[in-house]
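A short worksheet on the structure shown next.
The values are calculated or read from the model by the stated rules, or taken from the named source; none is laboratory data. Just so it is clear, the model here is predicted, and its values are computed rather than measured. So basically every Cβ, Gly included, is an ideal-geometry build from the backbone, and we count neighbours across all protein chains shown. Accessible surface areas use protein heavy atoms only, side chains included; no ligands, DNA or RNA. Shrake-Rupley method; radii C 1.70, N 1.55, O 1.52, S 1.80 Å.
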Amino acid sequence: GAFYTTALVMLDIFWFSRHMEQRVRRYVTLDPALQTHVYTQPMIGVTAHFGNWELLSKALSVYGFAHVAVASPLANPMVDALIGVGRSRGPGVEIVTRQGAIRGLLRALRQKKHVALLLDQNTKPEEGGLFVSFFGLSIPMSTAAAVLSERTGAPVIPIFCRANVNGSYTIYSLPPLKRAD
């Protein structure tokens, strides 16, 4: 399943790079409930390697949700450059690199911009991560969303781009996450 999803994401990066706005509007719909969770005020949108995380960013920008996103460099510099062009193409998407991202994201939130984070990264504690239980395994996960929310008061909204069986996509969100005390 993971290989299938990754292949689909990679193919869609190239397919949606041509006539991006027209293709997004034709093949990507916003779940009506999304409007109840996505705000005009600055927010922190969090997602995972589920569905099409790359298309999620493009589609949100096409539908008027400009944002600053974090991208980790890929191991192959040529592939990284190719994918990087696709990530930053289009209106309303600003990319910051993972190294030192918190400072840029704080600045973005203070400038009233939305922030988008892919949280299921291998972020070790020395890089600002925290070990959490995931399907019975202890894995390192980024704490960036919690840190940003704590410092700015911006809500953390889980948001995803689900692939549908007919080849289209639906973007949906869940209610804002609550802080566990």
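Of note:
- In this structure, the amide hydrogen of TYR169, modeled 1.01 Å from its nitrogen in the peptide plane, lies closer than 5 angstrom to those of VAL28, THR29, ASN164, counting only residues at least 5 positions away or on a different chain.
- Helical content of the chain, expressed as a calculated mean residue ellipticity at 222 nm, amounts to -10500 deg cm²/dmol (DSSP H runs of 4 or more residues, -39,500 (n - 2.57) each, divided by residue number, nearest 500).
- When peptides 143-150, 43-50 are ranked by their average number of other Cβ atoms within 10 Å per residue, the highest-first order is 43-50, 143-150.
- Scaled radius of gyration (Cα, divided by 2.2 N^0.38 Å) that the range 92-181 gives: 1.21
- Its Cα gyration tensor gives the chain an equivalent ellipsoid. The semi-axes, each the square root of 5 times an eigenvalue, are 24, 19, 17 Å from largest down.
- Of all stretches in the chain that contain no trypsin sites (Lys or Arg not before Pro) in a DSSP loop with at most 12 other Cβ atoms within 10 Å, the longest one is 19-111.
- Per-residue surface analysis assigns ILE102 an accessible area of about 60 Å², computed on protein heavy atoms at 1.4 Å probe radius.
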